[in-house]
Amino acid sequence: MSFTGKRHAPPKAGAMIEALRGLGYTTASALADIIDNSIAANASQVDINFVWDQEKSRIEIIDNGNGMNALELDKAMRLGELNPLDQRDESDLGRFGMGLKTASFSQCRELTVATKKKEELNCLRWDLDVLAKSTGDGWYLLEGPSENNHDLVHSILDAQKGTLVLWEKLDRIITDRFSADDFLDLIDQVEFHLAMVFHRYLEDRSNCFDLYINKKKLKPWDPFLKGHPAKAWHSPKATRTSSGSSISVECHVLPHKDKLTNKEFESAGGSDGWTAQQGFYVYRNKRLLLAGSWLGLGKGRAWTKEESHRLARIKLDIPNTADSEWKIDIRKATARPPVVMRKWLMRLAEDTRARARRTFASRGKPARTSKGEPVVQAWKADQTSGGVRYRIDETHPAIRNVLDDAGSMLPQVKVMLRILEETIPVQRIWLDTAENKETPRTHFEGEASDEVISVLKVMFENLVTKKGFSPKAAVDKLLLTEPFQDYPQLVSSLAE
Ligand SMILES: Nc1ncnc2c1ncn2[C@@H]1O[C@H](COP(=O)(O)OP(=O)(O)OP(=O)(O)O)[C@@H](O)[C@H]1O
Ligand SMILES: [Mg+2]
């Protein structure tokens, strides 16, 4: 055997494309890749039509962007025509020169692209069944639409300019027993995913971008509940530069469940639920790549997604010049922070996680009144070297009264409190608070006012008769005592 010669070794088209079909796109992420191209081509509108016709079902994506001339379309349809290392326009959402093909073939066996630019209409088509039958390396790109699609291609491109991407033979979608109902469910999933991935384009009215699915206009889904009055916290934007690319981060703590309506809570949980949607939201040119991930950060081992951090969401913006540093993949679905950024990101995430945890644990109720006065709480969490311990606060008036009057019973009362502290059903409360279950009731929630008043009266009497408080002073004290700070009107009525 010679060790110096060289051979021409092109891949076989059919086998190569079959292999590329398994990159791991979902229908929704594949469509997002097609829409990226429309946005890069300055489209202000993209229409996606799901047309149900059993195994002849199809998906059309039509944009009103710049379109392509014959040469541009020819290049667009080829694999490996663009070099991922080339510099891209600042607003270009592409990188690999592959997305149109890999995303489409992940869902269908026949891809038709028809496009119009300067009155010129061009159409090319890949059919994997034709490639499978071809001999040699067989990269046969078909010219013009298939017989069934002549009318469609011409009618759709009556517009001045734009591009139609048509997926037919949807073998990866219309599998055995897939029904019209499944198709409708798929449309819902796609709708949610696209409303999330492109939310910043859909929100920004200055650049007028609209997405329609079967003629229904998509509303953006904002992971950060921007402008919500109960938003717990958000940081100013922080920026770092690495290898000439500027990265910016904005940390958010979302409102506690108690401060959201059921509908808001449901919607803000996103498609995967609150716990799954915590973490970093990585955007590349305003397009969301990753929706909720701790990016492998963490001390020692990577942080996992925990219930207690579910209110933490961090917006991270990277430009397309940072693609290789952040290891962006063809699907635009992963990103890994470069080593030089990890410490900084971890610091920001740690702070946000701690804040989110506090908001989550507080049931959304501040330990201060709306005027900022501290409220005496019945329970406190003591941080010890061995972990957190929950203690009953003896300065709480209801506890103090009993301790002061206990006399010879004092040791027994103290034992009772200690037993309560040591047996607090933390695990049980944790489980009951878990996602999709009701938060356990506290603070007399759901109780009639009479019930609250009867407890309040005992405390009020005690303060006035035994502790020598004036009625007004007793009322003032109770207004700063948990859980009565939530019932200012009932408390005030005691003095009358
Ligand atoms: N809807 C469209 N309108 C105009 N041009 C398009 C459209 N779709 C694709 N193109 C052209 O085809 C090229 C190839 O698209 P493709 O999605 O395969 O790769 P890319 O967008 O360059 O990179 P990536 O693989 O990262 O998506 C694009 O660079 C663009 O020039
Ligand atoms: Mg692309």
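Can you give me the C-alpha center-to-center distance between segment 163-190 and segment 55-128, rounded to a whole angstrom?
Their Cα centres are 20 Å away from one another.
What are the GluC sites (Glu not before Pro) within segment 1-107 that DSSP puts in a loop, where the Cβ has at most 13 other Cβ atoms within 10 Å?
Details: sites: 18, 55, 60, 72, 81, 90; in loops: 81, 90.
Those that pass, being in a loop and sparsely packed, are 81, 90.
What shape does segment 206-317 take by its C-alpha gyration tensor, where a ≥ b ≥ c are the square roots of the eigenvalues and a/c under 1.5 counts as rounded, a/b above b/c as prolate, and the rest as oblate? Please list the in-between numbers first.
Details: a/c = 1.63, a/b = 1.11, b/c = 1.46.
It is oblate, given that a/c is not under 1.5 and a/b is not larger than b/c.
What are the ³J(HN,Hα) couplings of segment 288-303, residue after residue, when phi is run through the Karplus curve with 6.51, -1.76, 1.60 and θ = phi - 60°? Round to Hz, x for glycine and proline.
Rounded to whole hertz, the list is 6, 9, 10, 10, x, 7, 8, 6, x, 7, x, 8, x, 10, 5, 4.
Roughly what angle does helix 180-197 make with the longest principal axis of the chain, taking Cα atoms, 0 to 90 degrees, to the nearest 10?
Taking the Cα atoms of the chain, the angle to 180-197 is about 70 degrees.
Between residue 235 and residue 181, what is the FRET efficiency for a Förster distance of 41 Å, r being their Cβ-Cβ separation, to the nearest 0.05? Provide the component values of the computation, followed by the final result.
Values: r = 44 Å, r/R0 = 1.07.
So the FRET efficiency works out to roughly 0.40.
Please give every one of the lysines within straight-line cross-link reach of residue 118, meaning a C-alpha to C-alpha distance under 17 Å, and leave out same-chain neighbours fewer than 8 residues apart.
Excluding near neighbours in sequence, the set is 161.
Starting from the Kirkwood radius over alpha-carbon pairs of the chain, derive D by Stokes-Einstein at 37 °C in a medium of 0.692 mPa s and give it in µm² s⁻¹. Don't skip to the answer; put the middle values down first.
Numbers: Rh = 27.1 Å.
Reported coefficient: 121 µm²/s.
Per DSSP H run of n ≥ 4, the term is -39500 (n - 2.57); total these for the chain, divide by its residue number, and report the mean residue ellipticity at 222 nm rounded to 500 deg cm²/dmol.
Details: 16 runs with 161 residues, N = 496.
Helix-only estimate at 222 nm: -9500 deg cm²/dmol.
Using modelled backbone amide H atoms (1.01 Å from N, in-plane), which distant-in-sequence or interchain residues come within less than 5 Å of residue 210's amide H?
Close amide H contacts, sequence-distant or interchain: 45, 46.
If packing is taken as the average count of other Cβ atoms within 10 Å, what order do 158-170, 317-329 fall into, highest mean first? Can you show the working numbers first?
Working: 158-170: 20.8, 317-329: 18.5.
Highest mean packing first, the order is 158-170, 317-329.
In percent, how large is the relative contact order of segment 13-217, given Cα pairs closer than 8 Å and 6 or more residues apart? Mind dumping the intermediate values first?
Working: 361 pairs, mean separation 62.9, N = 205.
In percent, rounded to a whole number, it is 31.
Taking a cut-off of 16 Å between Cα atoms, list the lysines near residue 237, but don't count ones fewer than 8 places away on the same chain.
Within the straight-line limit of under 16 Å, residue 237 reaches these lysines: 226, 286, 315.
Show me the ranking of peptides 468-477, 108-117 by mean Cβ neighbours inside 10 Å, starting with the highest. Before the final figure, lay out the partial values.
On the way: 468-477: 15.4, 108-117: 24.0.
Highest mean packing first, the order is 108-117, 468-477.
Taking the alpha carbon gyration tensor of segment 80-125, what are the square roots of 5 times its eigenvalues, largest first, to the nearest whole Å? Each step should come with its number before you reach the end.
Numbers: eigenvalues 92, 63, 15 Å².
Ellipsoid half-lengths, sorted descending, are 21, 18, 9 Å.
Where does each of 104, 385, 57 land when they are ranked from fewest to most other beta-carbon atoms within 10 angstrom?
The fewest-first ordering by Cβ neighbours comes to 385, 57, 104.
Kirkwood hydrodynamic radius (Cα pairs, Å) of segment 379-493?
Working: mean 1/r = 0.0614 Å⁻¹.
Kirkwood radius, segment 379-493: 16.3 Å.
Can you spot the lysines whose alpha carbon is less than 22 Å from residue 467's alpha carbon? Ignore those fewer than 8 places along the same chain.
Qualifying lysines at Cα under 22 Å: 414, 457, 477.
List, in order, the whole-Hz ³J(HN,Hα) value for each residue of segment 481-496 obtained from phi through the Karplus relation with A = 6.51, B = -1.76, C = 1.60 and θ = phi - 60°; use x for Gly and Pro.
10, 5, x, 6, 4, 7, 10, x, 5, 5, 4, 4, 5, 5, 6, 7
Listing 216, 259 from the residue with the fewest other Cβ atoms within 10 Å to the one with the most, what is the order? All intermediate terms of the calculation are to be shown ahead of the outcome.
Numbers: 216 11, 259 18.
Fewest-to-most ranking of 216, 259: 216, 259.
Each residue of segment 111-120 in turn: what ³J(HN,Hα) in whole Hz from Karplus with 6.51, -1.76, 1.60 and θ = phi - 60°, glycine and Pro shown as x?
Listing the rounded values in order: 10, 10, 10, 10, 8, 10, 8, 6, 6, 9 Hz.
Given an 8 Å cut-off on Cα distances and at least 6 residues of separation, report the relative contact order of segment 187-244 as a percent.
Numbers: 35 pairs, mean separation 16.5, N = 58.
The normalised contact order for segment 187-244 reaches 28 percent.
Under a Cβ-only charge scheme (Lys and Arg +1, Asp and Glu -1), can you give me the dipole magnitude of segment 146-192 about the Cα centre, in debye to the nearest 20? Before the final figure, lay out the partial values.
Details: 4 positive and 11 negative charges, 50 e Å.
Here the size comes out at about 240 debye.
Values quoted throughout were computed directly from the atomic coordinates according to the rules given, and no laboratory measurement underlies them. Everything numeric here is computed off the predicted structure, so don't read it as measured data. FYI the Cβ positions are ideal-geometry reconstructions off the backbone, even for glycines, and counts take in every protein chain you see.
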